[in-house]
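A short worksheet on the structure shown next.
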Amino acid sequence: MTTNSKYLDIAIALPVYNTFTYRIPENFSKFISVGKRVLVPFGRRKVTGYILGSCEKTSLNEIEIKFILDILDDKPLFPSSLVPFFRWISKYYIYPIGEVIKNALPGGLNLYDFAMIAITENGKNAIKDNSAPPLQREILSSLESNACQQKNLCKIFNRNIPNSLIQTMENLGLIVSKRELKKGKTRLRLERYVSLISSEISAKELSVQKKKIIDALKKEGELSVKKLKELVPSAPGLIKSLENKGYISIIKKRIYRDPFGESIETDTAHILTKEQKQVISKVASSLNKGFSTFLLAGVTGSGKTEVYMQLAAEAIKKKCNVIVLVPEIALISQMERRFRARFGECIAVLHSGLSAGERYDQWMRISSGEATIAIGARSAIFAPFDNIGIIIVDEEHDISYKQEGGLRYNARDLAVVRAKLDNCVALLGSATPSIQSYYNVTINKFTELTLKKRIEKRPLPEVTIIDLRKIRDCRGVKKFISSELYEAMKETLERKEQILLFLNRRGFASSPVCASCGNAVKCRNCDISLTFHKHANAYKCHYCGFTLASTSNCPTCGSAGILLLGLGTEKLEAAVKSLFPDAKTARMDRDTTTRKGSVLKLLKGMKNNTIDILIGTQMIAKGHDFPNITLVGIICADLSLSLPDFRAGERTFQLLTQVSGRSGRGNVSGRAILQTYNPEHFSILSAKIQNFKAFYNKEIHFRKSLKYPPFSRMLQIKISGNDKAKTRQHALTVGNLCNTLKTSNKSFIKTIEVLGPIEAPLARIAKQYRWQILLKSLSARELHSLIHLMMFKNSSKFYKHKIKIVVDMDPFFMM
């Protein structure tokens, strides 16, 4: 895109909320396109900016408007259709637009400049004549060999080097501070390729190894140097002389880093059930006909993935692109394999498990049109497609779609927003829809679609509730593996079928306690108990990463007697191995899946029946399809019920229903045993009968009476700092500001409720004391108005040095 305008609207990749106007040098005008990165001056710095469009008019004096310095991309990184989407996100989540775009793009691309300190001739003379004070002389001596950054000087001397000292030395002419550009880490991957260009080659002139190279090129036509090296190990050193003689040409070609790994067998469309046909017909008839949102409520094992694939095929037939969101990386490999088997190489994947280079390559495959289907976790919602036909959100209820930290967006909500802006279809699917999404069905925002039966008329698993209160006085393994569960496991293994055991708590002992003083072994940095990990032989904090050796004494009284109370997946694994020593047992949690490829290895083990019993946290609870699992054991169904969160009941119902649904997905019917201390709770009873409507009708009544979402919108202000008293005082100051602004505005008095400030349930994490304020309103617009007044009109009261303030629109995590 070329432009006749003199000016560009640029978003800066820094935490600044506005966009900025820059001038276009005449020789750049032909190369300007929305979506390209540019290098621009910003204050005394040079930084990366993103072209959002042209500016026709500006109130600034033309002389004051700076020129862009360089264009950093040959082709745009994102299409112009994404610009309104980025602007919407920035406005709704109150986040700088340049940072929004930076979050969307693959990491490691941007350029920044930084100050380098170098010694001058005066400085060298000061060393020779010993005229500088001792510390200045040491700094000058360290700069003689190389210039370096001020922070590196601090590391060299293992002490703080004050800015005032650096400024003094610069004023004296002993050093000079110059700014240098730091390049991004992620680049194109190029590989050398060799091909024959001469047919007249004298064999007498060639050595045996060179002849091998020529013969290989005659046979294959073109080979990479990497492939040639496999045939002739010395090839990299020999090809230069062959090129000099005019026999071959060596060129560099762009290659894509392959995140997929092994190839898979092709697949064809499956025979559909009557319900699947009806769902596909309804959604397919809406493709290319504007914006619409569907909620597909299908029981576990009802064939939702097949529906997604056939709808993707319909969209591609209409020359449209497809985005498929999956909540966790563990599910992406399964979904990606099924889509690749059906659609081949037009699939791209986007998620945090890829290296920076792999993610960049996948992004560019989408941007260039080489890929037409993007599959990924929440960040795939930013896939740089034009002309989207459908956006599919699998397991739409999952809290993993909410980003914690940085840009706190909800990818499920953004899927609906992007579908509206791109005028396409959004399809949200789940066996246990979120209360919010189903409420949108009841007020006619979404259209409901249902799959009430499993494919091939398979029955839903039979769920049995075991009251753990009856066995709470038992000791050892019998305290958490009931006799009913033990007998069911024994029978299942005898039939050569597989078992899934679910416990949403990792580690060996979750509550280590001192036998002498009775105090819990707590984290040094957080207000929470450490968890003992037997494999690592250490106590660990799951919030800040603090570790304590297993040989440590009680931090309170010094006693060596630590009781390893509480349960985790590690202890459960040890117990199962002692009960069933001949069974092949594996564990799937964050501790066992940190290495690349570890998740895939476990999933393969289940698929190939080399694992008999799989123990895991919520990673195993959703989306996985293993036909030989006929028994699911839920060790303790109550862990999420006790959380101080209005969504605790909803999450418990969803988790229990999802994990129960992993059973009986093959030819043999399945069962689930649900162990609980609260057998009468409506979340537990609804999960037993796997009836979402029954749960919804009860839960929605509580939400309405307390005016919680979906009957209100919420905004959370999180306040944290390392000084307990100052953090508390600033939380109270921000709370007073909230209430003052509310009472001074008639609209706010009627529409906004301020809850807090109050200490967070986890009052200290990673040495940071934590407070929070919750704002509730029927209107998101009113919440935005109040927070804008606080952030931008009263910034001196809202922000404070060394106190962190985070604004979270539509918060999920209340801890």
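Peptides 692-699, 624-631 ranked from most to least packed give 624-631, 692-699, packing being the mean of other C-beta atoms within 10 angstrom over each peptide's residues.
Over all pairs of different C-alpha atoms, region 694-815 has a mean inverse distance whose reciprocal, the Kirkwood radius, equals 15.1 Å.
Note on Ser241 and Leu706: the model spin-label points, each 7 Å out from Cα along the C-beta direction, lie 8.1 nm apart. Each label point was placed 7 Å from the Cα along the Cα-to-Cβ direction; for Lys534 and Lys470 their separation is 2.8 nm. Across the options Ile347, Phe294, Ile366, the greatest Cα extent toward the positive end of the charge dipole of region 272-412 (unit charges at beta carbon of Lys, Arg, Asp, Glu) belongs to Phe294. The modelled label-to-label distance between Asp582 and Asn697, using points 7 Å beyond Cα along the C-beta direction, is 4.9 nm. In a reduced charge model with +1 at each Lys and Arg Cβ and -1 at each Asp and Glu Cβ, region 1-105 shows a dipole moment near 160 debye about its Cα centre. Would you mind checking which residues have amide H under 5 Å from His397's amide H? H placed 1.01 Å from N; only 5 or more apart, or other chain. Under 5 Å from the amide H of His397: Ser434. Straight-line cross-link partners of Lys742 among the lysines, defined as a Cα under 20 Å from its Cα and at least 8 positions apart when in the same chain: Lys707, Lys718, Lys750, Lys776, Lys793, Lys797. If you plug the beta carbon distance of Gln278 and Val668 into 1/(1 + (r/R0)^6) with R0 = 30 Å, you get a FRET efficiency near 0.60.
Straight-line reach from Lys457: taking Cα to Cα under 28 Å and skipping same-chain neighbours fewer than 8 places apart, the lysines in range are Lys274, Lys277, Lys282, Lys304, Lys490, Lys496, Lys604, Lys607, Lys622, Lys688, Lys693. Per residue, the convex hull spanned by the Cα atoms of region 514-617 amounts to 108 cubic angstrom.
If r is the Cβ-Cβ distance from Phe792 to Gln167 and R0 is 41 Å, what FRET efficiency results, to the nearest 0.05?
Result of the calculation: an efficiency of 0.80.
Using a 4.7 Å Cβ-Cβ cutoff, the cysteines of the chain lacking any partner cysteine are Cys55, Cys148, Cys154, Cys320, Cys346, Cys424, Cys474, Cys544, Cys636, Cys738.
Across region 446-485, the volume of the C-alpha convex hull divided among the residues equals 136 Å³ per residue. Shape class for region 599-729, computed from the alpha carbon gyration tensor (a ≥ b ≥ c): oblate, with a/c not under 1.5 and a/b at or below b/c. Label reach from Lys226 (point 7 Å along Cα→C-beta): in region 327-367, amide nitrogens under 16 Å belong to 355-362. With an a/c value of 1.5 or above and a/b not larger than b/c for the gyration tensor axes a ≥ b ≥ c computed over the alpha-carbon atoms, region 351-391 is described as oblate. Local charge for Ser367 was computed over the other residues whose Cβ lies under 11 Å away, with Lys and Arg +1 and Asp and Glu -1, and equals -2. Placing unit charges on the Cβ atoms of the charged side chains and taking the dipole of region 379-476 about its Cα centre, the candidate lying farthest along the positive direction among Leu449, Val425, Tyr401 is Leu449. In region 464-589, if the dipole is taken from +1 on Lys/Arg beta carbons and -1 on Asp/Glu beta carbons about the Cα centre, which of Met489, Ala515, Pro581 is farthest to the positive end? My answer, from the dipole projection, is Ala515.
Can you list residues from other chains, or at least 5 along the same chain, whose modelled amide H is less than 5 Å from the amide H of Leu451? Under 5 Å from the amide H of Leu451: Ala297, Gly298, Val299.
Sites listed here are GluC sites (Glu not before Pro) in region 750-815 whose DSSP assignment is loop and whose Cβ has at most 16 other Cβ atoms within 10 Å, and the list is empty.
Placing +1 on the Cβ of every Lys and Arg and -1 on the Cβ of every Asp and Glu, with no other charges, gives the chain a dipole of roughly 680 debye about its Cα centre.
For the pair Asp74 and Phe646, what calculated FRET efficiency results from E = 1/(1 + (r/R0)^6), where r is the Cβ-Cβ distance and R0 = 51 Å, to the nearest 0.05? It comes to 0.50.
Within the same chain, aspartates and glutamates fewer than 8 places from Lys226 are excluded, and of the rest, those with a Cα less than 13 Å from its Cα are Glu191. Multiplying the residue separation of Ala147 and Glu404 by 0.36 nm and subtracting their alpha-carbon distance yields 88.7 nm. In this structure the amide hydrogen of Ile388, modeled in the peptide plane, comes within under 5 Å of the amide hydrogens of Asn321, none closer than 5 places in sequence on its chain.
Annotation note: GluC sites (Glu not before Pro) in region 344-419 located in DSSP loop regions with a Cβ neighbour count of at most 13 within 10 Å are Glu370, Glu404.
Two numbers describe the Cα atoms of the chain: Rg and Dmax, which are 30.8, 96 Å.
Accessible surface calculations at 1.4 Å, restricted to protein heavy atoms, place the chain at 47 Å² per residue. For the chain, the fraction of 1.4 Å probe accessible surface lying on carbon and sulfur atoms is 50 percent.
Each residue of region 710-725 was assigned a 3J(HN,Hα) from its phi angle through the Karplus expression (A = 6.51, B = -1.76, C = 1.60, θ = phi - 60°), giving x, 8, 8, 10, 10, 9, 10, 9, 9, 10, 9, x, 8, 10, 4, 5 Hz with x at Gly and Pro. Qualifying trypsin sites (Lys or Arg not before Pro) in region 505-554, where qualification requires a DSSP coil assignment and no more than 12 other C-beta atoms within 10 Å, comprise Arg524.
The values are calculated or read from the model by the stated rules, or taken from the named source; none is laboratory data. Just so it is clear, the model here is predicted, and its values are computed rather than measured. Positions of Cβ are backbone-derived with ideal geometry, glycine not excepted, and every protein chain shown enters the neighbour counts. When the accessible area is computed, the model is the full protein with side chains, heavy atoms only, and any ligands, DNA or RNA have been set aside. Shrake-Rupley method; radii C 1.70, N 1.55, O 1.52, S 1.80 Å.
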